1. So what's Rg/Rh here for the chain, counting alpha carbon atoms and using the Kirkwood radius for Rh?
2. Subtracting the Cα-Cα distance from 0.36 nm times the residue separation, let me have the gained length for residue 90 to residue 117 in nm, one decimal.
3. What does the helix-only formula give at 222 nm for the chain: each DSSP H stretch with n ≥ 4 adding -39500 (n - 2.57), the total divided by the residues, and the result rounded to the nearest 500 deg cm²/dmol?
4. Cα axis of helix 192-201 to longest principal axis of the chain: angle in degrees, 0 to 90, nearest 10?
5. Could I have the simple spin-label model distance between residue 77 and residue 140, label points 7 Å from Cα toward Cβ, reported in nm to one decimal?
6. As I understand it, the value is the acute angle between the Cα axis of helix 175-190 and the longest principal axis of the Cα atoms of the chain; what does it come to in degrees, rounded to 10?
7. Please work out how much length the chain gains when fully extended from residue 46 to residue 168, using 0.36 nm per residue of separation minus the C-alpha to C-alpha distance, in nm with one decimal.
8. Rg/Rh for the range 23-99: what does it come to with C-alpha atoms and Rh from Kirkwood?
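Taken together, the values in this text are just the output of simple stated rules run on the coordinates, not laboratory data. For clarity, every value in this text was computed on a predicted model and none was experimentally measured. We place every Cβ from the backbone using ideal geometry, glycine too, and count neighbours over all the protein chains shown.
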Amino acid sequence: MFTGLIREVASVVSFSGETLTLKAKYQPNIGDSIAVNGACLTAMRLGQGTFTVELSPETRAHVAHENFKGQVHIEPAMQVGDRLDGHFVQGHVDGIGEVVRTSMLGNALEMEIGMSAEMMVYMIPKGSVAIDGVSLTINAVHENSIGLTLIPLTLKDTLLASYQAKRRVNVESDMLVRSLHHMLNRSKQQGWEEVEHWMRLY
């Protein structure tokens, strides 16, 4: 589990398709979970100021792996007792979106992200979304895209200020919205009694 608050911008040492080696100040232990551009990966090998994570075929099929070059966002998994300043992020990327446009509005950056209809059902006004692992608030919901406003601190601590139109990005929807949508769909077949039962267990 993550918060969507980027711990560090790490440098990519190498990427083979199956393994990704990063250079960072943060050093995980072997077996630790760490989000890289929003994808939850496991540290499998440590080096001098570096660590290596492995990507499964499932992960490679759902992330914008062409961005595993230059620099990437990293965030270690939450620990019990950590303060939650972003939102609950699982590191399970729903799919790939694409930057439609960016423009400055005062001291903030307006960004529009296009995505598939399957992902759009989880996007709600003023809801949360993780873009390349960064926790953001959805300001506008369009037919095939969402609008975001990035404050100066977000621009300073992440790579988002450098994103240009047509760049593909990893998108993870809010797990609470996703869970509710799933339960409501199940209710059409299973009935509200079962939905209420599962909701009481949360």
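1. 0.99
2. Gain on stretching residue 90 to residue 117: 7.6 nm.
3. -5500 deg cm²/dmol
4. Tilt of helix 192-201: around 40 degrees.
5. 3.9 nm
6. The helix 175-190 is inclined about 40 degrees to the chain.
7. Contour length minus the Cα-Cα distance gives 41.0 nm.
8. 0.96
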